1. Pairs of alpha-carbon atoms within less than 8 angstrom and 6+ residues apart define the contacts here; what relative contact order does the chain have, in percent?
2. In whole angstrom, note down how far apart the Cα centers of the range 32-50 and the range 79-149 are.
3. For a quick size check, give me the Cα extents of the range 2-151 along its three principal axes, largest first, whole Å.
4. Name the residue from Ile51, Gln106, Phe85 whose Cα lies farthest towards the positive end of the charge dipole of the chain, charges +1 on Cβ of Lys and Arg and -1 on Cβ of Asp and Glu.
5. Would you please report the Å³ per residue occupied by the convex hull of the alpha carbon atoms in the range 1-43?
6. Scan the chain and report its longest stretch carrying no GluC sites (Glu not before Pro) that are both in a DSSP loop and have at most 13 other Cβ atoms within 10 Å.
7. How would Arg75, Arg102 line up from fewest to most surrounding beta-carbon atoms within 10 angstrom?
Amino acid sequence: MNSELDSVRGLYEELLSAWNRRDAAAFARVFAPQGRVIGFDGSSAEGRSAIESHLRPIFTDHPTARYVAIVRELRPIGPDAVILFATASMVPPGKDRVMPERNCLQVVVAARERGEGWRIELFQNTPAAWHGREEDSRRLTAELQDEFDRHTEGAIA
């Protein structure tokens with residue numbers, strides 16, 4: 001099962017890398033044909049072409065921030081399905097600090113597709129507002145900042 005979990009982790013990393021490169025086609029390719037994305041703002045798109053069409057104008061018209069994430073758990077839910085839980089935040093272009101207001105919880109449901117390997121069935125991105133839990137929010141921000149710093153070695157993203 002470890003190789004399957006590694007494959008799903010790699011799929012998630014590929015998803016975030018495509019976002020960070022602002023590559024709508026590559027982002028959509030990691031999804032199953034009927035896969036769905038639910039964005040930070042609650043927007044939703046189903047199917048590879050709809051996901052790509054949804055993201056293309058965002059990447060074209062906006063200088064999107066880059067993701068930094070920490071995988072918290074990979075949980076098999078059957079022989080051909082895994083749920084990935086992660087925490088993430090974003091770093092604006094030209095900056096080197098995560099944005100606490102963009103802290104989020106991310107969930108990926110991945111399934112092994114016949115002939116295609118592992119694909120994302122669902123990617124959900126939920127704000128980590130944590131109302132009334134300011135210390136938890138600060139702790140998450142610090143942990144994600146450390147993760148960003150480790151992977152960029154102080155470079156500006």
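1. Numbers: 283 pairs, mean separation 34.2, N = 157.
The normalised contact order for the chain reaches 22 percent.
2. Centre-to-centre (Cα) distance: 16 Å.
3. 44, 36, 28
4. Selected residue: Ile51.
5. Enclosed volume per residue, from the Cα hull, is 93 Å³.
6. Answer from the scan: 1-115.
7. In order of increasing Cβ crowding within 10 Å: Arg75, Arg102.
Every number in this text was worked out from the coordinates using simple rules, so none of it is lab data. Here the structure is a predicted model, which is why all the values come from computation and not from measurement. Cβ atoms come from the backbone with ideal geometry, glycine included; neighbour counts cover every protein chain shown.
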